[in-house]
Amino acid sequence: MFNKEMLRVYFIAGTSDVPDGQLENVLKSALEAGITMYQFREKGPHALTGDDKEALAIRLFSLCKAYNVPFIVNDDVSLAKKIDADGIHLGQDDEKIENIIEDFKGKIIGLSVGNFEEYDQSDLTHVDYIGVGPVYETSSKSDAKKPGGIELIRKMRLYDEDIPIVAIGGITSTNCEMIIGSGADGISTISSIARSKNIPQVVTDYLQYYK
Ligand code: TZP
Ligand code: MG
C-alpha cells in the first residue's frame with residue numbers, strides 16, 4: 001500500500017489553514033497539480049468538529065480517491081476508522097501506535113518525530129514514515145518546537161538510513177531542494193500550498209526536484 005514516493009509532495013491542511021471556505025477548492029487544485037499525499041489536519045480557530053468534521057472528511061476523501069492520492073487523517077483515530085481512511089498520522093502525544101495497529105492493518109501509519117530523543121522512545125515497527133521537523137520556523141503550528149534546520153534532516157537520515165522521512169516546517173519550493181539533498185524522501189507543507197495564489201506553480205516547482 002505505502003511507498004515512499006507518496007511522500008514527495010505531501011500536502012497537509014484543514015479549515016483554518018486556507019482562506020475562508022476554500023478547503024475543497026484548494027485541495028482540488030493541489031490534486032490536479034500532482035500532490036502525492038494529503039493529510040486532513042483539522043485544528044485551530046475554525047476547526048470543525050463532530051458531524052461537520054466527518055462530512056468534510058468524507059468530501060475531501062472522495063476528492064483524493066478521484067486522483068488516486070492517499071487520504072491520511074491527523075490524530076483522529078475514530079474518524080479514520082469510521083470513514084476507512086487510507087491512513088493515520090500521529091504525534092508523540094497522540095494515541096500510541098501499539099493501541100491502534102490492530103485496526104490499521106494494511107493502512108498507512110505516520111509518526112511525528114522532532115528529535116533523536118523522540119526517535120529513540122518511539123516503537124517504529126509498524127510505522128511507514130516519520131514526519132521530521134520543524135525544519136524551519138512555521139506559523140502553521142502554534143506549539144511547534146524550535147526549528148532543527150537542515151541538520152535535523154541530515155542527522156536523522158544518518159541515524160536511520162532506511163526509514164522513509166518526510167520533512168516538515170517552513171518548507172517552500174525554494175528550500176525544498178536542500179531538504180531533499182539532505183536525505184528526506186519528501187516534503188510536507190501547509191502554508192506554501194494552502195496560502196498560495198498559484199497552487200499549480202508551487203506544486204510543479206516541488207515535483208521538479210524528483211526528476
Ligand atoms: N508540524 C511541525 S511544523 C508543522 C507541523 C504540523 C506545520 C507546518 O506548516 P508550514 O506552513 O508548512 O510551515
Ligand atoms: Mg497530533
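Quick notes
- In the stretch 73-91, residue farthest from ligand 1 (Cβ to nearest atom) [restricted to those that are under 12 Å from residue 108 (Cα atoms) and assigned to a loop (DSSP other than H, G, I, E, B)]: 84
- Close pairs (6 angstrom Cβ cut-off, 6 or more residues apart or separate chains): among the small types (Gly, Ala, Ser) in the stretch 188-211, modelled with pLDDT of 95 or more and not in a helix (DSSP H, G or I) anywhere: 188/10; 188/12; 188/166; 188/168; 191/140; 192/172; 194/13; 194/18
- Scanning the stretch 177-205 for residues being within 13 Å of ligand 1 (Cβ to nearest atom), part of a helix (DSSP H, G or I), more than 21 Å from residue 145 (Cβ to Cβ) and more than 15 Å from the chain's Cα centre (by Cα) gives a total of 1.
- When the stretch 127-155 is filtered for residues that are among the polar types (S, T, N, Q) and within 16 Å of ligand 2 (Cβ to nearest atom), the ones remaining, listed by number, are 138, 140, 142.
- Condition check for residue 87: surrounded by fewer than 18 Cβ atoms within 10 Å (Cβ to Cβ) and small (Gly, Ala, Ser): no
- Residue within the stretch 17-32 that is surrounded by 13 or more Cβ atoms within 10 Å (Cβ to Cβ) and on the phi > 0 side of the Ramachandran plot present: no
The values are calculated or read from the model by the stated rules, or taken from the named source; none is laboratory data. The model shown is predicted, which means the values in this text are computed figures rather than measured ones. Glycine also receives a Cβ, built like all others from the backbone with ideal geometry; neighbour counts cover every protein chain displayed.
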